[in-house]
Amino acid sequence: MPIFFSKKHYLLEMIDSYLAKASACMDTFLSAFLAYLQDENCETLQPFVDQINQTEAEADDLRRKIELTLYEKALIPESRGDILGILESVDKIPNKAQSVILQIDTEYLHIPACFKEDFQQLAKVNFQTFGQVAGAVRSLFDNLKEVRKFTAEIGIKERASDAIERGLIRKIFSSSAPMGEKILLKELVIEMGNISDRAEDAADRLNIIAAKRLI
Amino acid sequence: MIKLVAGILLGWALGVNDAAKTVGAAVSSHMISYRAAALLSAVCILLGALIGGEAGMRTLGSLTGQTGNSAFVACLSAAMTVGILTLLHLPVSASQALVGGVLGIGMLCGQMDWGVLGKVLICWLLTPVGGLFIGGIAYLILSRLLFIMNLHFLKYDQLMRWALFLICGYSAYSLGANNVANATGLFLKAGLLTLSQATLIGGLSIALGSLTFSRGVMHTLFSRILLMDSFSALVLLLSVALTLHIFALIGVPVSISQAAIGAVLGIGLMKNFRLLSLSSLFQIVLGWLMSPTLALIFSIILAKSCRLG
């Protein structure tokens, strides 16, 4: 019994550390994006790029470590599969945030002033979805009935993100910007929206995991 | 005493076939090792046989008069039936095979107690029905309880682990109590064994079966059952154990597989899933018909050749 307890306690600590790393990744994403919106200078972005790359790599290392720990027979296979699934699913969110920042960095994107407010809103809404995902994951280990509250919130934010995306893309294509720029900006909008789409995928998984245990 | 070998052989075959069905879930869930599971199964089967095996012994003994030779023939016929049907991968029940063997002897000697046989047949029919009801009710109650408890992920995992362990033990206990009569009940009636000897030898022979050759059955059967979520698998095992235990108290050995099929259906109904296919129903009917019929034929042939009739 004590062996099971210690293994599970260790697992919980690692999951918490992983969530903290992933959250740090998302914080960097938002700070980087807001900073870029202000001066559109890739040099300003560079420290953020380095930071997000490093934090994301650390989060990945932690995730792999958790996955290995799960195979030390501390849990029944069903629980193991569920944790593996949710980790893979959650990990796609900071991955996408990282790829958005790298996209801006490598494409030297110019964001016209008339779109900046919408982009800022889009970044904030998508950033917030991760907070709800992390909350739902923590609820799995604290109060299963709370999971649904967080996932419902993710759904609301995802729909809000979709609405901003659609409005922004319409605005981009009705502007007088060059077509190449329009296409690049549209891609950026879609990529940013993918963050909340991935959060919604994770929420679906979390709902199933909780429902199985609440029958 | 050499005649007892047939009973021990039948008990062993029963252990090989059925003991895995009681503890396989614990092995497949990596909760305990195969060796520990086999040991748990053996110990619980023996306990079940010693504590709860008497009623079944009385029922089987009262089906017809027995001598050492007739008990030998009936057990050997049942063991042959179990062996052949297992090799052919067909559904088999040692309990039903033994009744078929006894029926053959009873028909030849003209001493069959048809009233007791009727009771046994009704219990066979009620086994899947009992499994269905118990499975459904257990699912309903336990799922409600789980919702109220609102356990978090790790506590739930731990509860499943230990509940699975305990229920596997209980399931093995019920198997021992319900099925020990198959191995040595007829020898008790024939006066070759006392009650405590019969339960001990019967229990040991089934336990031996669980310790020796059940690894393959354990993995194949329960890797399939565990495709269900752990809670459903747990309810299934509990329902099977309760069904067997109830019939052990009534004193009629029944088929663990048929109880399991009923329980799967009961759980499925509660989850609004259709888990029972036509092939499962066919398996129940096939089990009902084939095991006793084949054993009956074997016992008549063996009895004739031993000039018992």
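When residues of the range B:233-254 are filtered for being under 12 Å from the mean Cα position of the chain (by Cα), open to solvent by 10 Å² or more (accessible area, probe 1.4 Å) and either within 12 Å of B:Leu126 (Cα to Cα) or among the basic types (Lys, Arg) (or both), how many remain? Matching residues across the range B:233-254 total 1. Would you check which residues across the range A:130-163 are closer than 30 Å to A:Glu107 by Cβ and in contact with a Gly (Cβ under 8 Å, 6 or more places away or on another chain) and list them? Hits for the range A:130-163 are A:Ser161, A:Asp162.
Every test in (1) crowded, with 18+ Cβ neighbours inside 10 Å; (2) within 14 Å of chain B (Cβ to nearest Cβ) is passed by A:Ala202 save one, and that test is (2).
Quick one: would you say B:Ile105 is open to solvent by less than 10 Å² (accessible area, probe 1.4 Å), more than 21 Å from B:Leu175 (Cβ to Cβ) and either touching a residue at least 60 places away in the same chain (Cβ under 8 Å) or away from chain A (no Cβ under 14 Å) (or both)? Judged against the criteria, B:Ile105 is a match. Of the listed requirements (1) part of a helix (DSSP H, G or I); (2) modelled with pLDDT of 90 or more; (3) surrounded by fewer than 24 Cβ atoms within 10 Å (Cβ to Cβ), B:Leu192 misses just one: (1).
Residue check: is A:Arg170 away from chain B (no Cβ under 14 Å), of a type in the set (D, E, K, R) and open to solvent by 60 Å² or more (accessible area, probe 1.4 Å)? Outline the logic, then answer.
Details: away from chain B (no Cβ under 14 Å): yes; of a type in the set (D, E, K, R): yes; open to solvent by 60 Å² or more (accessible area, probe 1.4 Å): yes.
The answer is yes for A:Arg170.
Of all residues in the range A:15-27, those satisfying the criterion of being aliphatic (A, V, I, L, M) and either more than 14 Å from B:Leu154 (Cα to Cα) or at pLDDT 95 or above (or both) are A:Leu19, A:Ala20, A:Ala22, A:Ala24, A:Met26.
Taking the range B:61-77 as the search range and keeping residues that are within 16 Å of B:Thr194 (Cβ to Cβ) and buried (at least 21 other Cβ atoms within 10 Å of the Cβ), which one is farthest from the chain's Cα centre (by Cα)?
Result: B:Gln66.
State whether the residues of the range A:112-128 include one that is of a type in the set (Asp, Glu) and away from every other protein chain (no Cβ under 14 Å). Scanning the range A:112-128 turns up at least one residue that is of a type in the set (Asp, Glu) and away from every other protein chain (no Cβ under 14 Å).
Check B:Ile167, B:Ile148 and return the single one that is touching a residue at least 40 places away in the same chain (Cβ under 8 Å), assigned to a helix (DSSP H, G or I) and within 28 Å of A:Ile209 (Cα to Cα). Can you show your working first?
Working: B:Ile148 fails: touching a residue at least 40 places away in the same chain (Cβ under 8 Å).
Within the list B:Ile167, B:Ile148, the selection yields B:Ile167.
Just so you know, in the range B:120-163 the residues that are closer than 26 Å to B:Ala37 by Cβ and basic (Lys, Arg) include one that is most open to solvent (accessible area, probe 1.4 Å), and it is B:Lys155. One residue stands out among those in the range A:66-79 that are under 16 Å from B:Val27 (Cα atoms) and more than 9 Å from chain B (Cβ to nearest Cβ): the one that is most open to solvent (accessible area, probe 1.4 Å), which is A:Tyr71.
Between A:Glu191, A:Glu158, the distinction of being open to solvent by less than 20 Å² (accessible area, probe 1.4 Å) and closer than 21 Å to A:Leu30 by Cα belongs to A:Glu158 only. Does A:Arg138 qualify as being open to solvent by 60 Å² or more (accessible area, probe 1.4 Å) and under 30 Å from A:Ser79 (Cβ atoms)? The answer is yes for A:Arg138.
Taken as a whole, the structure places B:Val264 among residues that are at pLDDT below 85, surrounded by 23 or more Cβ atoms within 10 Å (Cβ to Cβ) and within 28 Å of B:Ile45 (Cα to Cα). Among the residues of the range A:81-98, is there at least one that is within 14 Å of another protein chain (Cβ to nearest Cβ), surrounded by 21 or more Cβ atoms within 10 Å (Cβ to Cβ) and not in a helix (DSSP H, G or I)? Within the range A:81-98, none of the residues are within 14 Å of another protein chain (Cβ to nearest Cβ), surrounded by 21 or more Cβ atoms within 10 Å (Cβ to Cβ) and not in a helix (DSSP H, G or I).
The values are calculated or read from the model by the stated rules, or taken from the named source; none is laboratory data. Remember, it's a predicted structure, so these values are computed and weren't measured experimentally. Virtual Cβ from ideal backbone geometry, glycine too; neighbours counted across all protein chains shown. In case anyone asks, the SASA skips ligands and DNA or RNA and just uses the protein heavy atoms, side chains included. Shrake-Rupley method; radii C 1.70, N 1.55, O 1.52, S 1.80 Å.
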